[in-house]
1. With r defined as the distance between the Cβ atoms of Thr58 and Asp108 and R0 fixed at 22 Å, what FRET efficiency is calculated, to the nearest 0.05?
2. Could you list which residues have their amide H under 5 Å from that of Asn168, counting only those 5 or more apart in sequence or on another chain, with H placed in the peptide plane?
3. Order of 155-167, 180-192, 121-133 by packing, highest average Cβ count within 10 Å first?
4. Check Phe186: other-chain or 5+ apart residues with amide H under 5 Å from its amide H, H built from backbone geometry?
5. Taking amide H atoms as placed 1.01 Å from N in the peptide plane, list the residues 5 or more away in sequence, or in a different chain, whose amide H sits under 5 Å from that of Val71.
Amino acid sequence: MDAYNTGYLPIEEFKIYHEMNSLGRLFYPNDKKISSKERNLAFFIELNDLYKNINEATIRQNKNFLSLGLVGIIATGQMLNEPNYDIASQPMSADFFIITQNNPIDEDIIGRTSQSALCEYRDKNIHLTVRGIDQVIAGLRDGINMNTMNIDKASIEAWKNGVPLFFNNQINYIEKLSNVKNNSIFTPQWYSDETKIFAEIERD
């Protein structure tokens with residue numbers, strides 16, 4: 001089956017496919033030579049579960065992440081840093097960095113502060129970290145220039161090495177204002193069958 005799209009999809013399609021019950025699975029890379037039978041057992045998450053987690057995750061005043069206005073979703077974390085896991089001992093959770101239009105909390109930069117825990121949500125095998133678009137830009141600028149000890153490592157790691165899955169056109173705005181580019185060695189390849197879309201994160 002040929003991929004119908006390489007790279008991130010428009011963020012609007014994330015909601016549209018969810019409403020159509022057409023979100024399938026996101027398969028993670030494994031650089032080890034494994035059999036086709038084992039590949040069927042390789043790590044994946046259900047994109048519909050990701051949507052539900054983003055919808056259920058709440059911040060102050062019980063505002064959920066969706067209400068803050070989704071800008072982008074980036075896959076990040078251990079599953080991308082260590083793509084040589086054994087099937088028998090594969091990690092059991094996936095990390096996602098969520099960028100929203102509005103800031104989740106009233107902090108210019110979210111680094112090693114007591115407030116940072118408010119911007120995280122974990123349920124079963126999905127871990128979410130959220131930042132407002134202005135917080136991402138400020139964190140990237142400040143962290144790259146080493147202007148503070150309160151570095152926002154989550155923003156820097158996700159933006160530089162994460163894999164954008166869904167985004168709107170503000171991805172170019174963030175890159176331009178922060179002057180930081182994404183250097184991930186992985187790209188999502190999107191496929192579809194008669195009922196679902198799904199993606200495989202593959203090495204470039």
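What follows is calculated from the coordinates using simple rules that are stated; it is not laboratory data. The structure displayed is predicted, hence computed values, not measured ones. So basically every Cβ, Gly included, is an ideal-geometry build from the backbone, and we count neighbours across all protein chains shown.
1. About 0.50, to the nearest 0.05.
2. Long-range HN contacts for Asn168: Ile11.
3. Descending packing order for the listed peptides: 155-167, 121-133, 180-192.
4. Close amide H contacts, sequence-distant or interchain: Asp204.
5. Result for Val71 returns Ile99, Thr100, Gln101.
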